[in-house]
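Okay, structure first, notes after.
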Amino acid sequence: MQVAVIDQNRKPLAPTSEVRARLLLKRGKAAVFRRVPFTIILARVVEEVQVPELRLKLDPGSRKTGVAIVNQRSGEVIFAAEIEHRGEAIKQGLAARRAIRRSRRSRKTRYRKARFLNRRRPEGWLPPSLKSRISNIETWVNRLALFYPISGLSMELVKFDTQLLENPEISGIEYQKGELAGYEVREYLLEKWGRKCAYGSETDLPLQIEHIIPRSRGGSDRVSNLTLACEECNQRKGTRTAAEFGFPELEQQGKKPLRDAAALNATRWALLERLKGFGLPVETGSGGLTKYNRTMRGLAKAHWIDAACVGKSTPEVIIAGVIPLEIKATGHNSRQMCRMDKYGFPRTSAKGPCTVKGFRTGDLVRAIVTSGKKIGRYEGRVAVRSSGSFNVTTAAGTIQGISHRYCLVIHRGDGYGINRAGARSQNSSPPKPPKLAAMDGVSF
Ligand SMILES: [Zn+2]
């Protein structure tokens, strides 16, 4: 991964290699500005800035979002990350709050009259779990744009390109015509047939494109004659039609076009609106195009690689030789003021102040203990105690009772956990791009 560089005016400059960054730091020409993303600040002001064309690319997902910064000229991925969202945690938190309020109401305490039908959802309202995903992405785009000279954004907006597939059932794109169209057709079929085998209930098997009425029996290549089947069912069906195979309803089902609404994803559109607010040109791409780009370049499947392959602007060659950061949205503190016993009465005293001696729970600190039983050097997340004697959680475990006097903040807690250790190299054995001339029997 390349190191972000800023000058004394905090203007982002061309990112540099880790070797050169280390040299600059050693010679005192730069200092570490930030740990994540790793950024160094030069000791001088740079007047004439020459920056490469960098594009920040996003593949938003429900659980994880892939992020990649690609040098458009060299095709090099200079930064990659996967953001793990906390949609489920938010949902659970809200459910827990609702349960607590409900139980309190039935206990005849003073508070919390039941309220209902007293809220109007504003236009563009999204559920909190989805909103949090968008905010996660926005935060990181914002953060990366501060330290890398980004000239454009790309995001995957839709599963398949409706332009390319306009009325696919009627106009009948022959799916073998044009490889890119083939990829769009696959995504379309996945969406239409619910990502499962049409002749069985298996969901996790690789699926193949299958003709409802086989070509040998006069069936066409139109999308309305195509469905998805696992290899086993495809083999068993052989040259029979779906009706002969015992699925007479499929023929009718195939002729029904997929409703547009099914392919539109409110979260992604809301994200697009937010991205437009950055004032950078935003390019959008389809899932079919992403998969096509990735397969043609012989890259493995990963969220961050998908991100690097989003959109028409993807360079001919993508050099994906970085280890991505694993970013996990952890949220900030808890809103609950004190813990309850099983009857709902306060069990603990109210929470203490969240800042103690300038430290906050969740900050990344380095503690060099020079005296006492715990002599040593520790680096990890701190949990503050009002006594000033903190707990530090390192990779090896939690060390209790470290005085604030030994601690130094190296990265402020910002609601995200970062992991580089669990990352694995993606460049080891990229799969060969499959032959795309005949799509029947190609697993995806
Ligand atoms: Zn099957």
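The values are calculated or read from the model by the stated rules, or taken from the named source; none is laboratory data. Keep in mind it's a predicted model, so treat the numbers as computed, not measured. We place every Cβ from the backbone using ideal geometry, glycine too, and count neighbours over all the protein chains shown. Protein only, heavy atoms only, side chains kept; ligands, DNA and RNA dropped before computing areas. Shrake-Rupley method; radii C 1.70, N 1.55, O 1.52, S 1.80 Å.
Other residues within the sphere of radius under 12 Å centred on the Cβ of I399, judged by their own Cβ, net out at +3 (K and R +1, D and E -1).
Provide the percentage of antiparallel DSSP beta bridges, counting only those with both residues in the range 4-153; round to the nearest 5.
Working: 18 of 24 bridges.
Beta bridges within the range 4-153, antiparallel portion: roughly 75 percent.
If you wrap the range 303-399's Cα atoms in a convex hull and average its projection over all directions, what's the area in nm²?
Numbers: hull surface 47.0 nm².
With the hull built on Cα positions only, its mean projection is 11.7 nm².
For the chain, with only Lys/Arg (+1) and Asp/Glu (-1) charged at the beta-carbon, what is the dipole magnitude about the Cα centre, in debye rounded to 20? It would help to have the intermediate numbers written out before the result.
Numbers: 78 positive and 41 negative charges, 784 e Å.
Roughly 3760 debye for the chain.
Structural descriptor for the chain: relative contact order 17 percent, calculated from alpha carbon pairs under 8 angstrom and at least 6 residues apart.
Expressed in Å, the radius of gyration and Dmax of the Cα atoms of the chain are 26.9, 86.
Here the alpha carbons of the range 251-314 define both size measures, Rg and Dmax, at 15.1, 48 Å. Shown for the range 1-156: the carbon plus sulfur share of the solvent-accessible area, taken with all protein chains present and a 1.4 angstrom probe, equals 48%.
Expressed as an acute angle from 0 to 90° and rounded to the nearest 10, what is the orientation of the C-alpha long axis of helix 266-276 relative to the principal long axis of the chain? Its long axis makes an angle of about 60 degrees.
Couplings 3J(HN,Hα) for the range 20-28, derived from phi with the Karplus relation 6.51 cos²θ - 1.76 cosθ + 1.60 (θ = phi - 60°), are 5, 4, 5, 4, 4, 5, 5, 7, x Hz, where x marks Gly and Pro. Dipole check for the range 1-159: with +1 at the C-beta of Lys and Arg, -1 at the C-beta of Asp and Glu, and the Cα centre as origin, the magnitude is about 2140 Debye.
The amide H of E53, built 1.01 Å from its N in the peptide plane, has Q72, R73 as neighbours under 5 Å, considering only residues 5 or more places off or on other chains. Rolling a 1.4 Å probe over the protein heavy atoms of the range 224-371, with every protein chain left in place, gives an accessible area that is 54 percent carbon and sulfur. Taking trypsin sites (Lys or Arg not before Pro) across the range 63-128, the ones in a DSSP loop with at most 13 further Cβ atoms lying within 10 angstrom of their Cβ are R63, R73, R107, K108, R110, R112, K113, R115, R119, R120.
For the chain, adding -39500 (n - 2.57) for each run of n ≥ 4 DSSP H residues and dividing by the number of residues yields -7500 deg cm²/dmol at 222 nm.
Just the accessible area per residue of the chain, please: how many Å² with a 1.4 Å probe?
Numbers: 24920 Å² over 444 residues.
Value returned for the chain: 56 Å² of accessible area per residue.
Which whole-angstrom value gives the distance between the alpha carbon centres of the range 274-332 and the range 337-380? Spelled out, the Cα-based centre of one part sits 39 Å from the other.
Computed about the Cα centre, the dipole magnitude for the range 227-328 is approximately 120 debye when only Lys and Arg (+1) and Asp and Glu (-1) carry charge, each at its Cβ. Volume per residue of the convex hull around the Cα atoms, evaluated for the range 200-259, comes out as 90 Å³. Here the Karplus curve 6.51 cos²θ - 1.76 cosθ + 1.60, taken at θ = phi - 60°, turns the phi angles of the range 188-201 into couplings of 4, 5, 4, 5, 5, 9, x, 6, 9, 5, 6, 9, x, 10 Hz, with x standing for Gly and Pro. Out of all Cα-Cα pairs in the range 369-410, roughly what percent, to the nearest whole number, are more than 15 Å apart? That fraction is 30 percent. Other residues lying with their Cβ under 12 Å from the Cβ of E53 contribute a combined charge of +1, Lys and Arg counting +1, Asp and Glu -1.
How much of the pair distance distribution for the range 36-144 lies past 25 Å, counting alpha-carbon pairs only, in percent?
Values: 2915 of 5886 pairs.
Of all Cα-Cα distances in the range 36-144, 50 percent exceed 25 Å.
Evaluate the Debye formula for the range 218-330 with equal point scatterers sitting on the alpha carbons, no solvent, and hand back log10 of I(q)/I(0) at q = 0.15, 0.20 Å⁻¹, in q order, two decimals. Taking Cα atoms of the range 218-330 as identical point scatterers yields -0.95, -1.15.
Only one residue of I318, C338, G279 has its Cα farthest out toward the positive end of the dipole of the range 251-388, where Lys and Arg carry +1 and Asp and Glu -1 on Cβ, and that residue is C338. Which Cα, out of P149, N71, I90, lies furthest along the positive dipole direction of the range 35-153 (beta carbon charges, K/R +1, D/E -1)? So the residue we want is I90.
Would you mind counting up the charge near T348? Only other residues with Cβ under 12 Å from its Cβ, with Lys and Arg at +1 and Asp and Glu at -1. List each step's numbers first, then the result.
Numbers: positive: R339, R347, K351; negative: D341.
Computed value for this residue: +2.
What the Cα atoms of the range 1-71 give is an Rg and a Dmax of 13.9, 45 Å. Averaging the Cα positions of each part gives two centres, and for the range 193-257 and the range 26-89 these lie 45 Å apart. Once the Cα atoms are used to define both axes, helix 287-296 deviates from the longest principal axis of the chain by about 90 degrees. Compared with the dominant principal axis of the Cα atoms in the chain, helix 87-106 is inclined by about 70°.
From the cross-link list K291/K312; K192/K237; K57/K301; K328/K357; K64/K91; K91/K276, which pairs have alpha carbons spaced over 18 Å apart? Beyond 18 Å: K192/K237; K328/K357; K91/K276.
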